[in-house]
1. With +1 assigned to the C-beta of every Lys and Arg and -1 to the C-beta of every Asp and Glu, and no other charges, what is the dipole magnitude of region 324-559 about the Cα centre in debye, to the nearest 20?
2. List the residues, sorted by chain then number, that are 5 or more residues from THR427 or on another chain and whose placed amide H is less than 5 Å from its amide H.
3. By counting other Cβ atoms within 10 Å of each Cβ, how are ILE438, ILE335 ranked from fewest to most?
4. Using only the Cα atoms of region 324-559, what do you get for the radius of gyration and for Dmax, in Å?
5. Which ³J(HN,Hα) values in Hz, rounded to whole numbers, follow from the phi angles of region 107-120 under the Karplus curve 6.51 cos²θ - 1.76 cosθ + 1.60, where θ = phi - 60° and Gly and Pro get x?
6. Label points 7 Å out from Cα along the Cβ direction at ASP196 and GLU496: separation in nm?
7. Put +1 on the Cβ of every Lys and Arg and -1 on every Asp and Glu Cβ in region 364-479; which of PRO439, LEU451, VAL373 then has its Cα farthest towards the positive end of the dipole?
8. Write out the trypsin sites (Lys or Arg not before Pro) in region 448-540 meeting two conditions: DSSP loop, and at most 10 other Cβ atoms within 10 Å of their Cβ.
Amino acid sequence: MPLIHIHYRIFVAICIFMLRPQRMKDFVKYTLATLFGLFLAGTAFLILGILSIAGILATENTSPAIPSHSILRLTLNGELQEDVPEDPLSELFGSSYTELSLKNILTAIQKAKEHPDIEGIYIEAQDLFGVTPAMAREIRETLKDFKTSGKFIIAYGDNYTQSCYYICSVADRLILNPQGQVNWCGMASQPIFYKDLLEKLGVRMQIFKVGSYKSAVEPFNSTRMSEANREQVSSYLNDIWQTMLYDVSEARALSVDRLNAYADSLTTFRPAEELVRNGMVDTLCYIDGVSRMLQDKSGKRKGKLPLVTVNEMAAVPPSYGKGEKIVVYYAYGDIVDRATDYWNSSIINAEAVCRDLKKLRKDETVKAVVLRVNSGGGSAYASEQIWHEVKLLREAKPVVVSMGGMAASGGYYISCAADYIVADPTTLTGSIGIFGMIPDASQLLGDKLGLHFDVVKTNRHADFGDLSRPFNPAEAQMMQGYIQRGYRLFTERVKEGRKMPLHEVEQLAEGRVWTGRQALKNGLVDENGGLQAAIRRAASIAGLKDYHTEYAPTPAPWYENLMDNRKKDYLNTCLQEAFGAYYAPMTTLMQVREWKGLQARIPYAPNFTN
């Protein structure tokens, strides 16, 4: 039956139904009642939403009151990042994906040390990921400094990951669920290689590089690690592991040999009672027992135990005077020429960074700048632009670099112009090298998709870089020469910044990755320490005795681009949950399309399995 006839019969049936007076009356009554109910509900939700947002805005800049006998609650659960923009709506409505701010964690611990109403710290060890060894160590060292106040630290976990255990090992009392586990197994790095996948798709990467250790291109032209890369990865993994062994050995009064033996025996599958006997943990109990223990330690025998969150503690105003201003400027993520549509929103946008550094240079109230770098590099051109601004800034006022988890390749490029460089012993740095990578998709386009191309050009190289054909020998030679010049420029920048002879720089370069401890020995950094050590050094160079720190760049208000951020957060959540530890290397394939020109990047994403 034609569709128009069906619609006509429905229309007639409705008209007949409506002609009955009582039915008509009931229909109108219930329809109006429904509409009125929907209007009231919509109005109520609108008012509630406005009041909620108004409440958030009203309290956004107010510092919370800390009750007496409070305990700082440090929950190690989620992805750890250098800093996380405020998002009150996530806190209000909850989120399946938690991002932790390293800046807020360190600030909260430092303030808790001095605050008279904080009795101690309670650490909940859950599932911490995205954490580099240097980030974990900076939290641990800040907790270690907290203990000098005489206040307590108690840690509890159902299952300790290795990173969480390393952080929590500094606690006065390390508690494990009676049925829990401690993952203590050593370190591994497992890169992913894309060469065969790309070949199946009909894509071949044309690689140009300088440096036998510059292995960022290996996933695209090989199926295994080169001997040079295996050597450097083995070197920095073992150096980081030795640092972790020493730190845990000192805290738990266990020898390094015993800790290595426990790692070889895979403590993850050992009974909890055995972990108490061998000294890995102090006691076993459930969460209710931990609550009673915290009640006793805090001195608050009755009522609800006042636990203060990291964000609440970080928002407490400092107790010291203002003094002169030192600005800590955060630069973390991939170094790019300009903002792009990355999967990961943490980028060092050269345009924005150069603009911000110029403002700091001209601001006479800023007496020194600490550049906090956590980056495995990126665009060599963008790195050069930032290096230039750091150099100009250094001419106006002291600049000290604080290296986070990584400050390698482009990350080291933007750091080497500073007056002074501070790196954690487990920071990955160096990787002084350059590469270029251009895809040849001629097989994909021609053999697999059946696309064929012809060209008319006015000059010999007018179609240079076209994906439909590979480079010819002359073009490949010119591209390699371009890479060589970029490498020479990089080594010259290091020579100038570090005041080292060029031949010494070349011995440390070749794309070789060093730990912060190794870099201190070979002269690529000046001191091993964290952010606070860098701030103290900046104050010393500037001749400041009374000073305070401010942080930049100032994040945009949380309500700007609200829907766009929610969409990206949701997408990242799904990808993180699906890929877990493989999230970063898998999304690398998406980001390769943004790699334009010369690249200064660390080999792989150092996806530590720990």
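1. Numbers: 28 positive and 28 negative charges, 135 e Å.
Rounded to the nearest 20 debye, it is 640 debye.
2. For THR427, the qualifying residues are GLY516, ARG517.
3. Listed from fewest to most nearby Cβ atoms, that is ILE438, ILE335.
4. 20.7, 71
5. 5, 4, 5, 5, 5, 5, 4, 9, 6, x, 9, 9, 8, x
6. Reported label-point gap for ASP196 and GLU496 is 4.6 nm.
7. VAL373
8. When the trypsin sites (Lys or Arg not before Pro) of region 448-540 are filtered for loop state and at most 10 Cβ neighbours within 10 Å, LYS457, ARG460, LYS499 remain.
Just so you know, all these numbers are worked out from the coordinates, no wet-lab data involved. Bear in mind that the values here come from a model prediction, so they are computed numbers and not experimental data. Every residue, glycine among them, receives a Cβ derived from its backbone with ideal geometry; neighbour counts consider all protein chains shown.
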